[in-house]
Amino acid sequence: MTRSPPRARAYAPDPDAPGHVCDMPGCNEAGAYRAPKSRAQLREYWWFCLEHVRAYNAKWDFYKGMTPGQIEQELRADLSWQRPSWPLGRLGAAAWEDALTHDPLLAAAEFGKRGRKTARPDTPSDLKEPLATLGLAWPTTLTEVKARYKELAKRHHPDANGGDRGAEERLKTINLAYATLRSRLVDGAPHAASA
């Protein structure tokens with residue numbers, strides 16, 4: 001059985017110690033333990049002997065001299081590792097268009113902005129409404145239609161919306177649009193409507 005190497009004890013001297021005497025005036029012991037100089041200088045250290053680093057740590061108060069509001073602010077900044085943060089939705093809300101946020105079926109025909117597909121003039125007239133209902137543009141494939149249908153059916157299913165009647169009506173509309181598109185698309189390619 002192999003033993004793991006022993007861990008250094010918490011009070012073991014720092015291996016990065018510079019090898020000079022304790023910074024406490026009048027002490028001639030080796031300064032093998034580091035302690036931050038102040039709250040503003042956390043990466044600059046005093047080097048003390050074991051006795052003096054223990055005394056320094058016992059008196060150390062990171063929040064000394066701060067008001068309760070400053071302490072609260074510091075604690076909140078620590079929650080995000082001192083990185084800037086903001087409430088969800090505040091910065092991204094401007095990027096959303098009103099038509100998209102109030103249109104659960106993405107039925108707006110003209111998406112144009114933000115890289116979405118736009119309606120084309122060669123779109124068959126009987127497929128414009130079903131394509132708009134599913135949020136697709138012509139030409140499309142049966143694979144795209146099926147994937148979009150599954151996504152919308154899961155989102156608007158009444159069971160997923162607590163039995164909401166509005167969700168049930170939206171799902172009926174989605175089902176009709178899917179049936180229309182499925183009948184026109186065969187093996188992933190559009191075909192002419194039967195006369």
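From the list T173, T143, T118, exactly one residue is out of contact with any Leu (no Cβ under 6 Å at 6 or more places or on another chain), at negative phi, modelled with pLDDT of 85 or more and exposed (fewer than 15 other Cβ atoms within 10 Å of the Cβ). Which is it?
T143
In this structure, does R90 turn out to be at positive phi and modelled with pLDDT under 80? Break it down into steps so the answer makes sense when it comes.
Values: at positive phi: no; modelled with pLDDT under 80: yes.
Spelling it out, it is not the case that R90 is at positive phi and modelled with pLDDT under 80.
Name the residue that is farthest from E74 (Cα to Cα), counting only residues in the stretch 7-60 that are among the hydroxyl-bearing types (S, T, Y) and surrounded by 11 or more Cβ atoms within 10 Å (Cβ to Cβ).
Among those that are among the hydroxyl-bearing types (S, T, Y) and surrounded by 11 or more Cβ atoms within 10 Å (Cβ to Cβ), it is Y33.
Pull up the stretch 158-170, narrow it to residues that are within 23 Å of V145 (Cβ to Cβ) and touching a Pro at 6+ places or on another chain (Cβ under 9 Å), then point me to the one that is surrounded by the fewest Cβ atoms within 10 Å (Cβ to Cβ).
That would be E168.
I'm trying to understand the selection: among the residues of the stretch 156-175, which are among the basic types (K, R) and touching a residue at least 12 places away in the same chain (Cβ under 8 Å)?
Correct list: R170 only.
Restricting attention to the stretch 137-155, and to residues there that are small (G, A, S) and either touching a residue at least 12 places away in the same chain (Cβ under 8 Å) or not in a helix (DSSP H, G or I) (or both), which single residue is farthest from T123 (Cα to Cα)? If you could, list the steps in order and put the result at the bottom.
So the first thing to find is which residues in the stretch 137-155 are small (G, A, S), and the list is 137, 147, 153.
Among the residues that remain, those that are also either touching a residue at least 12 places away in the same chain (Cβ under 8 Å) or not in a helix (DSSP H, G or I) (or both) are: 137, 153.
Working: A137: 8, A153: 24 Å.
Out of the qualifying residues, it is A153.
When the stretch 13-35 is examined, which residues are found to be without any contact (Cβ under 8 Å) to a residue 24 or more places away in the chain and either in contact with a Ser or Thr (Cβ under 9 Å, 6 or more places away or on another chain) or not in a loop (DSSP other than H, G, I, E, B) (or both)?
Residues satisfying the conditions are V21, A30, Y33, R34.
Please work out if S183 is surrounded by fewer than 16 Cβ atoms within 10 Å (Cβ to Cβ), at pLDDT 85 or above and hydroxyl-bearing (S, T, Y).
yes
The values are calculated or read from the model by the stated rules, or taken from the named source; none is laboratory data. From a predicted model like this one, the values you see are computed outputs, not experimental measurements. Here Cβ is always computed from backbone atoms with ideal geometry, including for glycine, and neighbour counts include all displayed protein chains.
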